[in-house]
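Written out below as structure tokens is the structure these notes cover.
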Amino acid sequence: MKAIIQKQQLLDAIVMVQKAVMQKATLPILEGIYLEAGEQLTLVGNCFDLGIACTADADIREKGAIVIQARMFGEIIRRLPDALISIETANGKVKIECMNTVFDIKGMDAESYPLPPAYQEDTVVTLSQGTFREMIHQTLFAVSQDDNRRIMTGILLETKDGGMSLVALDGFRMAVSRMLLKQNDAMRVVIPGRNMSEILKILNNSEEEVRIVKTGSMVAFEMKNCRIVSKTIDGEFMNYHGYIPTQYETVVVLNRREFEDSLERASLISSDDRRYPVRLHVTGDQMIVFSTAEMGSSKENIGVRNEGGDLQIGFNPKFLIDALKVIPDDNIKLSFNSQIGPAIINPIEGERYLFLILPVRIKA
Amino acid sequence: MVRERTVFHVDVNSAYLSWEAVWRLQHGSTLDLRTIPSVVGGDAESRHGIVLTKSIPAKKFGIQTGEVLWQARQKCPNLVVVPPNYSLYMMCHQALLDLLHDFSPNVQVFSIDEAFIEYTGSESVQGDAVAAAYRLKDRIRNELGFTVNVGVGPNKLLAKMAGEFSKPDKVHTCWPEEIASKMWPLPVGELFGVGRATTPKLQRLNIMTIGDLANAPDEMLARHLKSYGALLKASAQGQEFSDVGPDFRPPMKGIGNSSTIPFDCDTLQEAKLVLLSLTEMVCMRLRQTGLCARLVSVSIRNSSMNGRGHQHRMDAATDNTFRIYETACRLFGEMWQGPSEKIRNFGVRVSDLSLADFMQMSILQPYDERKKRLDDTLDRIRFRYGTQSVQRAAFLASGIAPVMGGVPEENFPVMSNIV
């Protein structure tokens, strides 16, 4: 093969597919990037759980394919001057030329590279990249890191009742992000959180479309120059609707930013490892945020609009802060039932997101 | 003479046995267990109980701590074996501590039957250290009924060494000028920090006594023992600088309880009862210390002495007996090969501890206030009237004790880092 391509274009493609290349593999070929010159230049990284294929515009002089060790290929291209790069293969070797520089490095046989399988389209959902990106951002933090319950290490993607939701929960909190979707197939898949965080990095913040295709035990994300194939997690995701209370005793409306800052300050003295909670005391149109730990204590007042009864409740401040950080709105609704029941964070209007956080029970 | 620093080490002589003997005398027994060959050890009926403490007459028969009971009985056929009594020990431990605080505000619990006292500065109030040590020893004997050894030295290490010189009911000193005469002639294995693994290593280097170690070339020690060599040599020379803290027990990592049962267990029903019985004690101790655990481990050993263990991290930390018991049963189910495998030893352990004052609620493991109240009520009844005062119906006619397990060694890890 022989292809000529702009350095930055090639580097962008390498960085993208590298996310799916194994750092350490039993077979050397799995540590490689697959490179194919067809109509365009295609790069592929695949670690079976996740496969990424990327196309880049290039001047194709001769068609063909090869596999190159990913780390070295990336480092070489990164350090080349910002100019046209020529990639040419001969006798199993790859010649990389750029201005006055020539590299001649060993390649691997493209025939034996395990490309992500071709797939049938079972069900398809289409939405804008920017929207999908925000939805992942709003849920990813609540994915469980505990491999004991595999299903919880993923994000549920579900289309239902004219909308699409992403749901993640780790046992102590839950994040739900929703959007309206006019016409789409019914889909319900659980995608590994680790893959979702890579996908998040590839998505751009635009109106450009992403097609989500479910196929067997895989799900593919198709964008203009890039196709990502991820394994799904088998098993039944929790019936998360059941965890959400249907009515509340205490509902307060408050400024998100003010609440977040106040929690950050309160958690300064309650060191994380001893698990000292931050306490919220809703009384009338005031919420007192206070914390007591070995080092000392803190206390501050936030003005709220209280639409229910008074309440005292404790939380791991990190769980609240994580949720508040991903909310775009200025004002939010915070609802409770009891000292041991969950708190719910909602938008003041609509159902675009829902965060459920379990409190810390404070022994009387 | 007022020294720069003075530390006491107080060690109860044959603690468990003395405490049991005192308790029996106070409750009308005419026989003092301390005057006859006797031991505290597992269940007298069971096959594999071990000697936890021995009386001084029992020691004369060559009975050793840690020895299995039948072996001890072979050495001394008339041996009296009494079962351990955890709550009694806790009571005696507390009484001892209260008394020690009369001598200095600075008392460090070292184990259930050992403590350090920082006497430095107390001379102006309590007078000469050695005289005070005698007063302390005598007060414990007269007021509490058991005897202690008091070691007096310029630091914790030498105080502890002094406490070991000869027993029972003695006060010894080990001042810097006495190290060569009192400590150096002792076998090197007697030095704090030299255990079963290090003793043979040192003996191979022809280091037989503590004195040999104190005078051994640095380079040789470094070659064979790395940096630990220098530390041991400093110990042998009586150097040690740690403070007597109010409580320097390292934070507890876990609570465990295991038992060799007096029969081969080959039914699931029996195995579950044993697990429940062990879990009861684990959880009582967990709640008593105000902690919750998230990780449950179960270990078993079968009749061919093969052992193995499984563990599980629960969705949320808990101190609930039933929850931990359920998890233990599941772990046992994973490991057990079925009735063909006869189990002799069971162990239940919880770790990954957090404070029960602040319990993170979980979506997947709902909090059950009624179970909590049941646990608390049972604890209160058992604390007041003894562990056997109330039992689960499942244990009726089962031949299995409803609460198994003894002394909470892990509450008092003996190897706190004094050097």
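Coordinate-derived values only; no laboratory data. Remember, it's a predicted structure, so these values are computed and weren't measured experimentally. Cβ sites come from the backbone with ideal geometry, for glycine too, and all protein chains shown count toward neighbours.
Scan region B:258-268 and give yes if some residue there is out of contact with any strand residue (DSSP E or B) (no Cβ under 9 Å at 6 or more places or on another chain) and either part of a strand (DSSP E or B) or not β-branched (Val, Ile, Thr) (or both), otherwise no. So far as region B:258-268 goes, yes, one or more of its residues are out of contact with any strand residue (DSSP E or B) (no Cβ under 9 Å at 6 or more places or on another chain) and either part of a strand (DSSP E or B) or not β-branched (Val, Ile, Thr) (or both). Does region B:161-178 include one or more residues that are of a type in the set (Lys, Arg) and buried (at least 21 other Cβ atoms within 10 Å of the Cβ)? No: zero hits.
Counting only strands (runs of 3 or more DSSP E) wholly contained in region B:1-107, the ones carrying 3 or more residues that are in contact (Cβ under 8 Å) with a residue 40 or more places away in the chain occupy B:7-12, B:38-41, B:80-82. Is there a residue being surrounded by 22 or more Cβ atoms within 10 Å (Cβ to Cβ) and more than 19 Å from B:Met161 (Cβ to Cβ) anywhere in region B:237-252? Scanning region B:237-252 turns up no residue that is surrounded by 22 or more Cβ atoms within 10 Å (Cβ to Cβ) and more than 19 Å from B:Met161 (Cβ to Cβ).
Identify the residue in region A:236-278 that is assigned to a helix (DSSP H, G or I) and without any contact (Cβ under 8 Å) to a residue 24 or more places away in the chain and, among all such residues, is farthest from the other protein chains (Cβ to nearest Cβ). Ranking the candidates gives A:Asp261 first. Across region A:279-313, the qualifying residues are those that are of a type in the set (D, E, K, R) and in a loop (DSSP other than H, G, I, E, B), and the one among them that is surrounded by the fewest Cβ atoms within 10 Å (Cβ to Cβ) is A:Glu294.
Does at least one position in region A:32-46 carry a residue that is within 28 Å of A:Val213 (Cβ to Cβ), under 24 Å from the mean Cα position of the chain (by Cα) and among the aromatic types (Phe, Trp, Tyr)? No, because not a single residue in region A:32-46 is within 28 Å of A:Val213 (Cβ to Cβ), under 24 Å from the mean Cα position of the chain (by Cα) and among the aromatic types (Phe, Trp, Tyr).
Being away from chain A (no Cβ under 11 Å), under 16 Å from B:Leu276 (Cβ atoms) and among the basic types (Lys, Arg) narrows it down to one of B:Arg344, B:Arg349, so name that one. I'd like the intermediate steps shown before the answer.
On the way: B:Arg344 fails: under 16 Å from B:Leu276 (Cβ atoms).
So the residue among B:Arg344, B:Arg349 that is away from chain A (no Cβ under 11 Å), under 16 Å from B:Leu276 (Cβ atoms) and among the basic types (Lys, Arg) is B:Arg349.
Within the option set B:Ala317, B:Ala328, B:Ala401, being touching a Ser or Thr at 6+ places or on another chain (Cβ under 8 Å), assigned to a helix (DSSP H, G or I) and either within 13 Å of chain A (Cβ to nearest Cβ) or not β-branched (Val, Ile, Thr) (or both) holds for one residue only, B:Ala328.
Set side by side, the residues A:Asn316, A:Asn337 differ, and just one is within 14 Å of another protein chain (Cβ to nearest Cβ), of a type in the set (S, T, N, Q) and buried (at least 21 other Cβ atoms within 10 Å of the Cβ), which is A:Asn316.
The conditions of being more than 11 Å from chain A (Cβ to nearest Cβ), farther than 22 Å from A:Ser144 by Cα, crowded, with 19+ Cβ neighbours inside 10 Å and in contact with a strand residue (DSSP E or B) (Cβ under 6 Å, 6 or more places away or on another chain) are not met by B:Ala356. Across region B:359-380, what is the number of residues that are within 11 Å of chain A (Cβ to nearest Cβ) and more than 19 Å from B:Tyr325 (Cβ to Cβ)? Residues flagged as within 11 Å of chain A (Cβ to nearest Cβ) and more than 19 Å from B:Tyr325 (Cβ to Cβ) within region B:359-380 amount to 3.
Right, A:Met164: more than 19 Å from A:Gly242 (Cβ to Cβ) and buried (at least 19 other Cβ atoms within 10 Å of the Cβ) or not?
Details: more than 19 Å from A:Gly242 (Cβ to Cβ): yes; buried (at least 19 other Cβ atoms within 10 Å of the Cβ): yes.
Against the criterion (more than 19 Å from A:Gly242 (Cβ to Cβ) and buried (at least 19 other Cβ atoms within 10 Å of the Cβ)), A:Met164 qualifies.
Among all positions in region A:216-235, there is no residue which is within 14 Å of chain B (Cβ to nearest Cβ) and either touching a Leu at 6+ places or on another chain (Cβ under 9 Å) or surrounded by fewer than 21 Cβ atoms within 10 Å (Cβ to Cβ) (or both).
Selection within region A:347-364: residues that are loosely packed, with under 15 Cβ neighbours inside 10 Å and at the interface with chain B (Cβ under 10 Å from one of its Cβ atoms). The member of this set that is nearest to A:Asn239 (Cα to Cα) is A:Lys363.
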